[in-house]
Amino acid sequence: MAQNKQILLDNRPQGEATVSNFKLVTVETPALQDGQVLVRHHYLSLDPYMRGRMNDSKSYAAPQALGTPMIGGTVGEVIESRNERFKPGDHVVGIGGWQQYAVVDATQIGYLRKVDTTHVPLSAYLGPVGMPGVTAWYGLMRICEPKAGETVVVSAASGAVGSVVGQLAKSRGCRAVGIAGGPDKCRYVVDELGFDACIDYKAHANARSLSLALKEAAPDGVDGYFENVGGMVLDAVLSRMNAFGRIALCGMIAGYDGQPMALANPSLLLTQRLKLQGFIVGEHMEVWPEALAELGKGVATGRIKYRETVAQGIEAAPEAFLGLLKGKNFGKQLVKLI
Ligand code: NDP
């Protein structure tokens, strides 16, 4: 029996999440039943949505139960199988949680998916060729609906989702403008990812100053905005939206610790006749095959670039997760488990 280290949600945060909300335990993996497979995780994905699951509040998904391993996307290798669709050695992606091993009932459709690592590295199935990539694809293509010649802006631009949004917008003939925290991230967004411009929001004390910088970076105004952050950044971009602009409301990470975030000038939604739509990527499974086909090809051919920040060992997951909520990650935040 393999010894399995897990990180449980031990108690709920009061305000900001801390390492004391989590607990490390070691358990034995149980013997397999018919239909089950044992997966050894190579990488765990850390994602901002996990912060929401730590609360016991109204949301699109049920809260994480106390005393259970934190939810999380994982990639790994099948090491034992009692399911005819999977054999030892298969590379798989699933939602195995914050633990080194998972016993998965693989008879349930969608719980575990085999992936091909010939041209796409295993870890990329948690980033550009996984949930964050599809999130970018859905919000951009289905809500921002970019047309050649238009301007698309994305916040948290160097991150797992934002980096893909800008590269897809470029591939549709748009001007892509990123907003990110710090000069290093902005340089990467322009020099490596190929955005036309990137604004360091940390260099601006208020929305007005950020809006003026945006006027320079997006001289024709903003047609599509992919929002990951909220707060001052949203206020600034709203002030630059063109008439009939589209806003994909993907995330509002600036408020995930529960602090209220007012909108300074909501009347712009009316006067500019804007569309603003929130979405949850898991509710749009119909686009996943088309999106993953484009994203997989993009990564395999090197057209879609990405960057990862990798913490080592399951014990490092809580700190790495709290860092992600503060922008300490640079690109997709992963934990390497082997
Ligand atoms: P990232 O890799 O972009 O990491 C999060 C980044 O957010 C940080 O690196 C930081 O970048 C930025 N950030 C953190 N705090 C703040 C703050 N207070 N103000 C401004 N920026 C901040 O994460 P993902 O790409 O995985 O996720 C991006 C967004 O997409 C999140 O809001 C997430 O919740 C959302 N999301 C939504 C989904 C959906 O279905 N709707 C699915 C997946 C993700 P910087 O240093 O540049 O500030």
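The values are calculated or read from the model by the stated rules, or taken from the named source; none is laboratory data. The shown structure was predicted, so the numbers you read here are calculated from the model rather than taken from an experiment. Quick reminder, even Gly has a Cβ in these numbers, built from the backbone with ideal geometry, and neighbours come from all protein chains shown.
Can you tell me which residue within region 275-285, out of those that are surrounded by 13 or more Cβ atoms within 10 Å (Cβ to Cβ) and farther than 14 Å from TYR225 by Cβ, is farthest from the ligand (Cβ to nearest atom)?
HIS284
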Report, by residue number, each residue of region 232-257 that is surrounded by 15 or more Cβ atoms within 10 Å (Cβ to Cβ) and over 19 Å from the mean Cα position of the chain (by Cα).
MET232, ASP235, ALA236, VAL237, LEU238, SER239, ARG240, MET241, ASN242, GLY245, ARG246
Long-range neighbours under 6 Å by Cβ, at least six apart or interchain, first residue within 30 Å of PRO318 (Cβ to Cβ) within region 77-105, second of a type in the set (D, E, K, R) and part of a loop (DSSP other than H, G, I, E, B)
VAL78/ASP90
Cross-chain or 6+ apart pairs with Cβ under 7 Å, region 194-217 first and exposed (fewer than 14 other Cβ atoms within 10 Å of the Cβ), then in a helix (DSSP H, G or I):
ASN206/MET232
Within region 215-233, how many residues turn out to be assigned to a helix (DSSP H, G or I) and in contact with a Ser or Thr (Cβ under 8 Å, 6 or more places away or on another chain)?
1
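Please work out if VAL93 is under 28 Å from GLY251 (Cα atoms), within 16 Å of the ligand (Cβ to nearest atom), touching a helix residue (DSSP H, G or I) at 6+ places or on another chain (Cβ under 7 Å) and assigned by TED's automatic domain parsing to the domain that holds ALA317.
Yes.
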If you scan region 136-158, which residues turn out to be of a type in the set (Gly, Ala, Ser) and more than 22 Å from GLU283 (Cα to Cα)?
ALA148, GLY149, SER155, ALA156, ALA157, SER158
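Can you say whether PRO121 is on the phi < 0 side of the Ramachandran plot and assigned by TED's automatic domain parsing to the domain that holds GLY221, as far as the supplied structure shows? Walk me through how you get there before you give the answer.
On the way: on the phi < 0 side of the Ramachandran plot: yes; assigned by TED's automatic domain parsing to the domain that holds GLY221: no.
Here the answer is no, as PRO121 does not meet what is asked.
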Residue pairs within 8 Å by beta carbon, gap of at least six or interchain, first lying in region 8-30 and free of Cβ contacts under 8 Å to residues at least 24 places away in the same chain and at negative phi, second in a loop (DSSP other than H, G, I, E, B) and surrounded by 13 or more Cβ atoms within 10 Å (Cβ to Cβ), listed first then second, are SER20/ASP10; SER20/ASN11; LYS23/ASP10
Can you name every residue in region 234-257 that is part of a loop (DSSP other than H, G, I, E, B) and more than 20 Å from LYS328 (Cβ to Cβ)?
SER239, ARG240, CYS250
Note on region 299-338: residues over 22 Å from VAL129 (Cβ atoms), within 9 Å of the ligand (Cβ to nearest atom) and buried (at least 22 other Cβ atoms within 10 Å of the Cβ) are none
Inspect all residues belonging to region 264-274 and state whether any of them is part of a helix (DSSP H, G or I), crowded, with 16+ Cβ neighbours inside 10 Å, on the phi < 0 side of the Ramachandran plot and touching a strand residue (DSSP E or B) at 6+ places or on another chain (Cβ under 7 Å).
yes
Going through region 141-165 in order, the residues found to be within 12 Å of the ligand (Cβ to nearest atom) and buried (at least 24 other Cβ atoms within 10 Å of the Cβ) are VAL154, SER155, ALA156, ALA157, SER158, GLY159, ALA160, VAL161, GLY162, SER163, VAL164, VAL165
Run MET241 past the list (1) more than 16 Å from the ligand (Cβ to nearest atom); (2) in contact (Cβ under 8 Å) with a residue 60 or more places away in the chain; (3) in contact with a Leu (Cβ under 8 Å, 6 or more places away or on another chain) and report the number of the one that doesn't hold.
(2)
Enumeration of residues in region 56-70 that are among the hydrophobic types (A, V, I, L, M, F, W, C) and buried (at least 18 other Cβ atoms within 10 Å of the Cβ)
MET70
